[in-house]
1. Can you give the helix-only mean residue ellipticity at 222 nm for the chain, where every DSSP H stretch with n ≥ 4 adds -39500 (n - 2.57) and the sum goes over all residues, rounded to the nearest 500 deg cm²/dmol?
2. Which value results when the Cα radius of gyration for the chain is divided by 2.2 N^0.38 Å?
3. Which whole-number percentage describes the relative contact order of the chain, with Cα contacts under 8 Å and a sequence gap of 6 or more?
4. For a protection proxy built on the mean count of beta-carbon atoms within 10 angstrom, sort 18-31, 37-50 highest first, please.
5. Grab the Cα-Cα distance for F35 and D49, subtract it from 0.36 nm times how many residues apart they are, and report the gain in nm with one decimal.
Amino acid sequence: MKRLLLMISLNVGYSTGELGIGQFTGRISLVSAPFHLTFGFGRLSTLLDEI
């Protein structure tokens, strides 16, 4: 459970950082990538319910 929460925290931090840098630099690829990571985050969140 602790590892899963750590992975979710890392995922949220990375997504937020990537989105911020993408907004700052104006690169579309850096803005769209966090939305793809959000789907992975959603899957990890559903795993929490299954535990």
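Quick note: the coordinates plus some simple rules give every number you see, no bench work behind them. All figures in this text were calculated on a predicted structure; none of them were measured in a lab. Every residue, glycine among them, receives a Cβ derived from its backbone with ideal geometry; neighbour counts consider all protein chains shown.
1. On the way: 2 runs with 47 residues, N = 51.
Result for the chain: -32500 deg cm²/dmol, rounded to the nearest 500.
2. Values: Rg = 12.4 Å, N = 51, 2.2 N^0.38 = 9.8 Å.
In units of the 2.2 N^0.38 Å rule of thumb, it is 1.26.
3. Values: 33 pairs, mean separation 20.5, N = 51.
It comes to 40 percent, rounded to a whole number.
4. Numbers: 18-31: 12.7, 37-50: 11.1.
Output ranking for 18-31, 37-50: 18-31, 37-50.
5. 2.9 nm
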